[in-house]
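**Student:** Below is the structure I would like to discuss, written out as structure tokens.
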Amino acid sequence: VTACFYGSPPAMRLGNALVALGVQVPRQVSLLGLDNLGLHIGNKTLTTLDSDTKLMGRLGGQMVQQMLDARGELVRMLATVSTKLIEGQTVAEARSSSAL
């Protein structure tokens, strides 16, 4: 594993556990959170994504309503929400293709 992409609280817990085991974050494993909560792994700010939480909540509610309206029928649901990278110190620099 070279990277983990996870909700911020679980990413923070994973990062703290890895550090306790002697794993160097991000040198050995990069970690990226999903919800920009401003969390830390040791003294490093968790790199994360930020999205429009009001839009996410509204879309989630619409999806639940579609499932309820379908009354047991299969429903296809798709939503795309733009995100913004919030840089922290838990993702390593990209390696050049010659280093691979």
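**Student:** Just order 4-16, 54-66 by mean Cβ neighbour count inside 10 Å, highest at the front, would you?
**Tutor:** On the way: 4-16: 17.0, 54-66: 11.5.
Put in order of decreasing packing, that is 4-16, 54-66.
**Student:** Now, a different point. Give the shape of the chain as rounded, prolate or oblate, defined through the alpha-carbon gyration tensor: a ≥ b ≥ c are the square roots of its eigenvalues, a/c under 1.5 means rounded, and otherwise the shape is prolate if a/b is larger than b/c and oblate if not. Spell out each step's value before the answer.
**Tutor:** On the way: a/c = 2.45, a/b = 2.19, b/c = 1.12.
Note, shape of the chain comes out prolate.
**Student:** Residues in segment 12-39 near a label at Arg95, defined as backbone nitrogen under 13 Å from the 7 Å Cα→Cβ point?
**Tutor:** Under cut-off, by backbone N: 27-30.
**Student:** Next up: Please give the net charge around Lys84, taking every other residue with its beta carbon less than 13 angstrom from that of Lys84, where Lys and Arg add +1 and Asp and Glu add -1.
**Tutor:** Values: positive: none; negative: Asp35, Asp50, Asp52, Glu87.
Net local charge, Lys84 excluded: -4.
**Student:** Can you list residues from other chains, or at least 5 along the same chain, whose modelled amide H is less than 5 Å from the amide H of Ile41?
**Tutor:** Leu46
**Student:** Taking only Cα atoms, what is the 0 to 90° angle, nearest 10, from helix 53-70's long axis to the longest principal axis of the chain?
**Tutor:** 40 degrees
**Student:** Which percent, to the nearest 5, of DSSP beta bridges fully inside the chain are antiparallel?
**Tutor:** Just about 55 percent of them are antiparallel.
**Student:** Now for a separate question. Taking K and R as +1 and D and E as -1, what net charge do the other residues with C-beta under 13 Å from the C-beta of Ala11 add up to? Provide the component values of the computation, followed by the final result.
**Tutor:** Working: positive: Arg13, Lys44; negative: Asp35.
Its environment carries a net charge of +1.
**Student:** Tally Lys and Arg at +1 and Asp and Glu at -1 over the other residues with C-beta under 13 Å from the C-beta of Met63: what net charge comes out? Walk me through the numbers before you get to the answer.
**Tutor:** Values: positive: Arg58, Arg76; negative: Asp69.
Charge balance near Met63 sits at +1.
**Student:** In the chain, with Lys and Arg counted as +1 and Asp and Glu as -1 at Cβ, which of these residues, Leu18, Gly60, Val75, has the Cα nearest the positive end of the dipole, that is, farthest along it?
**Tutor:** Projecting each Cα onto the dipole axis, the largest value belongs to Leu18.
**Student:** Here's a follow-up. Could you give the angle, 0 to 90 degrees to the nearest 10, between helix 8-20's Cα long axis and the longest principal axis of the Cα atoms of the chain?
**Tutor:** 20 degrees
Values in this text are rule-based calculations from the coordinates and carry no lab data. Bear in mind the structure is a predicted one, so any value in this text is a computation, not a measurement. A quick note on method: Cβ atoms are made from the backbone with ideal geometry, for glycine too, and the neighbour counts reach across all protein chains shown.
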